[in-house]
Amino acid sequence: MEREKALYFHYDTFCFSLTLIDALDTLLILGNVSEFQRVVNVLQEGVDFDIDVNASVFETNIRVVGGLLSAHLLSRKAGLEVEAGWPCSGPLLRMAEEAARKLLPAFQTPTGMPYGTVNLLHGVNPGETPVTCTAGIGTFIVEFATLSHLTGDPVFEDVARKALKALWKNRSDIGLVGNHIDVITAKWVAQDAGIGAGVDSYFEYLVKGAILLQDKELMSMFLEYNKAIKNYTKFDDWYLWVQMYKGTVSMPVFQSLEAYWPGLQSLIGDVDNAMRTFLNYYTVWKQFGGLPEFYNIPQGYTVDKREGYPLRPELIESAMYLYRATRDPTLLELGRDAVESIEKISKVDCGFATIKDLRDHRLDNRMESFFLAETIKYLYLLFDPDNFIHNDGSDFDVVVTPYGECVLNAGGYIFNTEAHPIDPAALHCCRKRREEQWEVEDLMREFYSRKKTKKFTLKRAPDHGEGENAKDSKDASSEKAGEKRNSKKSSHSLLSCPSQSFNSKLAVLGQVFLDNT
């Protein structure tokens, strides 16, 4: 009994900390600097990831790691006194790294695809299911690559890339991925393909990862998927669920989580298609005053047991992106409708409650943290054209780091799937100019080789005492090879698992219409 009480305490403390982290950058975007500063102090004093809690690898990454990285990069703008070496060091960065290291054991599988759950104290439980949703595998590159670039440790970006490529390798012959896969055997367990729950943010991170890292390969992967999605799942500007190997319709539904898609389309310049799909989704909103979790497209109504609206942000997110691209006033109308609907239907004394049933507007006794992290943020940014997040590069900060000067806060922020903004310029602040370093060393080699008849080998001085020259030489060779690979990348610019358990997800997929037929 005492152990159970302790576990509940740890779990409650972890969830409380998660909510604070999730809402932190929202405070700054809304202009509440003093509260941002206060919450940072609370987190520094009270957060401990060395606890006996089973945590979702996916959720911990997008909410905790992503939230801490974003807050770290925004600390100076929030008026916090940053330590020497920032943004390459700092307490929030160290917390993000600690949280991410707790997730690394999940990636130790034969395929490189991670388990869905990890115990923060003990690692992966021996009886952990190997079945993970696609989004839970492919939604790490934004946070993990940022962490690698800021800390200099490549392990995070490496495991994220390996997981992405494993999904790509196991796509079907017609170019689609399913909903759940066994991370040990790489066999697809749920073979429904679509753009919604369980898959969504995999596609989102291919695009956002490509933009963040200027990576042609990631964008090429998404564009190939996009062709297959258009060929097999798109019907009259709706996107249905199909069997991943055959392309036959398995579920003619629209899920509220799919509403991120028009925003993603806008990021690749496909604005006309994005607007048409957005307007379809907006008609559903106007029908109910919110988006039900599932909507039967042929019947034009909600799906049994999926009539709720937990104040999700995805349609508002798309409205923000599309308004930035088009300035179409229809998008502001959605924003107004959302504000009025949320205020009228879901506001309670202590916050805003999940709408349990959109047909009669009954409420549930809960408020998801993504409401604070995403929904409010995207609504605010939709109506605040002068917010620093929308900076067009006309204003910026020059920061001196141990590796030279770098530019920050110039705009172009990449939102992770939990709406935590990452400054892409920060990825260039904490890396030594290794190419320039090697050019100098090559010149030195050439100079010495001319002075001596025998071959001269320049050894790099060890960092930590004797006996490390061989290790340093190996590390330097790896760095040089990495720089050569990176130099080939383009230099020009080019969405979450549902909250129900895995078993109920499988029950929904393929069986949701049994009672309606």
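For the range 137-207, the fraction of 1.4 Å probe accessible surface lying on carbon and sulfur atoms is 49 percent.
Solvent-accessible area assigned to carbon and sulfur over the range 261-418 amounts to 48 percent, based on a 1.4 Å probe. Per residue, the accessible area of the range 301-359 comes to 45 Å², computed with a 1.4 Å probe over protein heavy atoms only. Ranking of Leu73, Leu80 by solvent-accessible surface, largest first: Leu80, Leu73 (1.4 Å probe, protein heavy atoms only, all chains present).
The distance linking the range 275-315 with the range 107-163 is 32 Å (Cα centroid to Cα centroid, whole angstrom).
Tell me, what is the per residue accessible area of the range 58-140 in Å², probe radius 1.4 Å?
Details: 2570 Å² over 83 residues.
I get 31 Å² per residue for the range 58-140.
Backbone N atoms of the range 160-176 closer than 19 Å to the 7 Å Cα→Cβ label point of Asn273 belong to residues 172, 174-176. Approximating the spin labels as points 7 Å out from Cα along Cα→Cβ, the Arg359-to-Glu333 distance works out to 2.8 nm.
Go through Lys234, Lys356 and list them by solvent-accessible area, largest first, probe radius 1.4 Å.
Details: Lys234 50, Lys356 110 Å².
Greatest to least solvent exposure: Lys356, Lys234.
One Cα centroid belongs to the range 196-269, the other to the range 33-74; the line between them spans 30 Å. Ordering Phe370, Ile389, Ser346 by Cα displacement along the dipole of the range 252-395 toward the positive end leaves Ser346 in first place; charges were set at the Cβ atoms of Lys, Arg (+1) and Asp, Glu (-1). Modelled this way, with points 7 Å down the Cα-to-C-beta line, the labels at Asp158 and Asp304 are 5.2 nm from one another.
His149 sits with roughly 40 Å² accessible to a 1.4 Å probe, with DNA, RNA and ligands left out of the calculation.
One decimal place: the segment Asp237-Glu343 gains 35.1 nm when fully extended, by the rule 0.36 nm per residue minus the C-alpha distance.
How much length is gained on full extension from His122 to Thr185, taking 0.36 nm per residue of separation minus their Cα-Cα distance?
Numbers: separation 63, 0.36 × 63 = 22.68 nm, distance 2.36 nm.
Contour length minus Cα-Cα distance gives 20.3 nm.
P(r) tail, the range 51-113: Cα-Cα pairs separated by more than 16 Å, 51% of all pairs.
Label separation (Val42 vs Arg366): 2.2 nm, computed from points 7 Å beyond Cα along the C-beta direction. The slack in the chain from Thr129 to Lys230, taken as 0.36 nm per residue of separation less the alpha-carbon distance, amounts to 33.1 nm.
If you take every residue apart from Asp153 with its C-beta less than 10 Å away from the C-beta of Asp153, what net charge results, scoring Lys and Arg +1 and Asp and Glu -1?
-2
The values are calculated or read from the model by the stated rules, or taken from the named source; none is laboratory data. Bear in mind that the values here come from a model prediction, so they are computed numbers and not experimental data. Virtual Cβ from ideal backbone geometry, glycine too; neighbours counted across all protein chains shown. Each accessible area value is taken on the protein alone, full model and side chains, heavy atoms only, with ligands, DNA and RNA left out. Shrake-Rupley method; radii C 1.70, N 1.55, O 1.52, S 1.80 Å.
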